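The next block holds one structure in the form of structure tokens; read it before the comments.
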Amino acid sequence: MKQKSHSGTKKRVKFTGSGKIRMEKGSKKHLLVNKSKRQKNIGGNKRVVHKSDAKRFLRLLPN
């Protein structure tokens, strides 16, 4: 049986040129009026996933 990629992960994850995984930080889409400036701006919006979590993403994206 053919292995399928997880479609939700496909939409949320991008790969860098060196092969690391980048994904958007949560809590940045709505209800921003109630959140502090620090909570919204800290570290930018795109994050490189930690290598211990990268294994999980690679399992969801076999191709």
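Results, tabulated for the structure shown:
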{"read-out": "Verdict on G26 being at positive phi and out of contact with any Asp or Glu (no Cβ under 7 Å at 6 or more places or on another chain)", "value": "no"}
{"read-out": "Matching residues, region 15-50, being touching a residue at least 12 places away in the same chain (Cβ under 8 Å) and among the charged types (D, E, K, R)", "value": "K20, R22, E24, K25, K28, K40, K46, R47"}
{"read-out": "Condition check for H6: modelled with pLDDT of 90 or more and touching a helix residue (DSSP H, G or I) at 6+ places or on another chain (Cβ under 6 Å)", "value": "yes"}
{"read-out": "Residue within region 5-26 that is exposed (fewer than 12 other Cβ atoms within 10 Å of the Cβ), of a type in the set (D, E, K, R) and in a loop (DSSP other than H, G, I, E, B) present", "value": "no"}
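The values are calculated or read from the model by the stated rules, or taken from the named source; none is laboratory data. Not measured: the values here are computed from a predicted model. Because the Cβ atoms are built from the backbone with ideal geometry, glycine has one as well, and the counts that use them run over all protein chains shown.
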